[in-house]
Amino acid sequence: MDALFDSINVRELLSAQDLSDPTTPLSAPDLRLLIQRLDSHSLQIKSKIQSYLLSHHNDFANLFSVCDDAVSRSNQISDDVGQLLSSISGRPIEAEIGQIMKQMSATTKEVREKKGLLELVRAILEISEKLKGAREGLRNGRLRFTAEELRELKKALRVSDDDRVDEREPVVYSLLRKQWSECFEEGINGITFCLVDEKISENERKLKNKFMAKNIQEVLVRFIGNAVQFERESNRIRVKYVLSVDGNDGIELRTVLEALDVVGILDYGLAKVADLMIKHVISAALNFGAPMSFVAEVNPDSQVMTEATLNIVPSSDPKIEKMDGETIYSGIIQVIKFINNHICLQDVSWIRCFGRLTWPRISELIISNFLLKVVPEDASKLADFLKIIKCTSEFETALREMKFISASDNKDNQLSNFAENVEVHFASRKKTEILAKARNLLLECDFAAPQEYTRNGKKDGVAAETPGHVDLLFLSESCVVSKAAIQLMKLLHQTLKDVCLSSPRVAFEFYRAARDALLLYEVVIPVKLERQLDGINQVAVLMYNDCLYLSQEILGLAFEYRSDFPSSIKEHAMFVDMAPRFHLMAEEILQRQIKLVIHNLREALDGADGFQNTHQMQQFQSAKFSIDQVVFILEKVRMIWEPLLLASTYKRSMCMVLESVFSRVTKDILLLDDMAAEETLELQRLIHVMLESLISLLDALAALQVVKSQEGITCTLDDLIPSLRKIRKLADLLDMPLKSITTAWESGQLHSCGFTSSEVVDFIKAIFQDSTLRRECLGRINGGF
């Protein structure tokens, strides 16, 4: 149907002219025509629908039949569900099922609780039976069995030292704990006093009652203390195998040790014996002053052995002149054999317990009293230490065979590990010695310069034998350095030679020591000479030379030793990174000295008050005094710098100082805004006095130019001190006519001397009065450069 309606186009039902303008409304005839055509078209649609239904009559009939069957089936299902609901509502099955489930849950819970109670009763009965068995064992003399049972029951009953009780546990547990405590007290008394012979006398029974309240630890430790004693008068260890308590004999040492082991306090009982053996026996074995021997003696009775002694006597062997590894280790092995045989009675667990108590302290004593003292002091003697390494390994092997130390625990290999790493210990000690030596020589050096020194270091072609005179590796000059720098480099060269001869591990430590020794100079000397560096003196110049010398030497170390270094450290060993540090330190020291000199010179020139009114006598004298101070300071600096600094450095530094002086004087004079004729003559006189006073200094600097020119660089003194030419020209200008000054400017002479047009103009205005000629000359100057 939708397809039919979609095919209707209303526009086709109208005439073409009616569609020319969509906005024009339709007229009544058009509407009637449209209605007629729609009716006609509707009849066509109805005719098509009727023909379609007739052609598909069978299909529609089948469809309606299927729908009728579906409706009938749904009605039948509805009836069946209704019947089922009516039958269920008549019998409450769900309520019965719920009651059954509740009954099952309650029954299951009751069964579970009864089963738990049954298990608890079974556990209580088992504990009670064990307590009963422990008491029976105690009565029958089975002490070990009793102690083991009590130890297990302690865990089961959760017996602790405090009195805290869990409120959730059954009350019967408290009763069982009480029974356990009673049984434990009986066990303590039984273990303590049934150690004697089975036949207990009346006196022993009284003794038993006397010690009823004593703790087993105290009693057993007392037995051990009586068993092993040190007799100071005879200098021996005495071990008794039959012990006595208040005069009553009969308790054996083995029985006491067994009791300690069973109760679990063997280490506590043997601790005092361990301290005794280390204090009086092991320490004697490590006594370098008087070598000791250990002699074991056994004094058997008629039937049983009653005691054994270990006598500590001075060694009578003439071959033992000094303590070595073999002597020390053999003595300690004799002591441990005595302990194993006569104290621990060759029981593996007991000797192992004794070893755990004593070995850490014994190994520390051997290391501190022996191994550290025999570490070689020279790299060439490292091979001799191999014998000690071998003896140490054999010593630990013997201890493992006696089960004194563990065969699997690496912590017990302290001695062999230390001996095998002796190279590291040797290198560490040598490194410490090197740094200590470097520090001492740096602190002890007084940095005093030699009294006599020749600049070029040579006389008549022979090198001057001045102490501290060195040639720089990468500069064609020489200088004087401090003893500290020379000794430090000697120490450094010796250390690097040892690097070339040592194993890789030792060589690497020596290499680090060499670097650290150089860094010590950087750390120690500036602090030590802090006060001197704040003034103008030879100490600062020597330190500058030291830093320059060290930077040059450091650059040469790689070329001198690197090829002989062990291959493993060639990639890591380097010194070239340290050279710039010392070169920078040297420059900082020099610049600091130059700034101090310039500061002093400026303070001296400040007294001239800008060279004003020098035509007055008082002002002239003040300016003259300032000039004299400047000359004095420069001569003093020359006396300090010239003998010690490199020629090139001295010339460069002094020219910087002179430049600051000449530029300051020239600037002050050119800033004067009014100068009388007499004043210009006095200013000229002051300039001549200053230049004449410095003529020797300037000539010496000019002479150094010859040495510089040999390198192909031509540099005059005027080039290094630009203000020198300017101040000389200023002296000429002070008595020069106006026209001559103008001509000199126009010719470029003044500009080449460093004058600017504004300076020349201000200078002319200060000297010459206003006139037509002055205005003309000023115009010519302003129109020039």
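The values are calculated or read from the model by the stated rules, or taken from the named source; none is laboratory data. Nothing here was measured: the structure is a model prediction, and the numbers come from that model. Here the Cβ is made from the backbone with ideal geometry for all residues, glycine too, and neighbour counts use every protein chain on show. Only protein heavy atoms, including side chains, enter the accessible area calculation; ligands, DNA and RNA are left aside. Shrake-Rupley method; radii C 1.70, N 1.55, O 1.52, S 1.80 Å.
Computed from backbone phi, the HN-Hα couplings of segment 251-267 come to 8, 8, 4, 4, 5, 5, 5, 4, 4, 4, 5, 5, 6, x, 10, 5, 5 Hz, rounded to whole numbers (Karplus: 6.51 cos²θ - 1.76 cosθ + 1.60, θ = phi - 60°; Gly and Pro given as x).
Per-residue SASA remark: Glu394, around 100 Å² accessible (1.4 Å probe; ligands, DNA and RNA not included). Note on Lys46 and Glu233: the extension gain reaches 52.7 nm, defined as 0.36 nm multiplied by sequence separation minus the Cα-Cα distance.
When Thr614, Thr432 are compared by accessible area at a 1.4 angstrom probe, the order from most to least is Thr432, Thr614. Our coupling estimate for segment 480-485, obtained by passing each phi through the Karplus curve with A = 6.51, B = -1.76, C = 1.60 and θ = phi - 60°, is 9, 10, 6, 4, 4, 5 Hz, Gly and Pro reported as x.
Sequence-ordered 3J(HN,Hα) estimates for segment 745-755 from the Karplus curve with 6.51, -1.76 and 1.60 and θ = phi - 60° stand at 5, 5, 7, x, 4, 5, 5, 5, 8, x, 7 Hz, glycine and proline given as x.
Annotation: extensible slack from Ser568 through Ser406 equals 54.7 nm (criterion: 0.36 nm per residue apart, minus Cα-Cα distance). Note on Leu372/Leu475: beta-carbon distance plugged into 1/(1 + (r/R0)^6) with R0 of 35 Å gives a FRET efficiency of 0.15. Remark: spin-label model distance Gln616-Lys765 equals 2.4 nm, labels positioned 7 Å along the Cα→Cβ axis.
Radius of gyration (Cα atoms) of segment 36-91, expressed as a multiple of 2.2 N^0.38 Å: 2.26.
Summarised as an ellipsoid, segment 616-738 has semi-axes of 30, 17, 10 Å, derived from the eigenvalues of the Cα gyration tensor scaled by 5 and square-rooted, with the largest first. Each label was represented as a point 7 Å from its Cα along the Cα-to-Cβ direction; for Arg73 and Leu276 these points are 10.7 nm apart.
Here the label points at Leu31 and Ser757, each 7 Å from Cα along the C-beta direction, are separated by 10.4 nm in the simple model.
Rounded to 0.05, the FRET efficiency of the Arg222 and Glu364 pair, given R0 = 41 Å and the Cβ-Cβ distance, is 0.85. Taking amide H atoms as placed 1.01 Å from N in the peptide plane, the amide H of Ile251 lies under 5 Å from those of Leu243, each 5 or more residues away in sequence or on another chain.
For segment 36-91, what is the accessible area per residue in Å², given a 1.4 Å probe and the full set of protein chains? Value for segment 36-91: 88 Å² per residue. Listed cross-link partners Lys483/Lys528; Lys490/Lys636; Lys667/Lys739; Lys624/Lys729; Lys132/Lys272 are compared with a 26 Å cut-off, the Cα-Cα value being larger for Lys490/Lys636; Lys132/Lys272.
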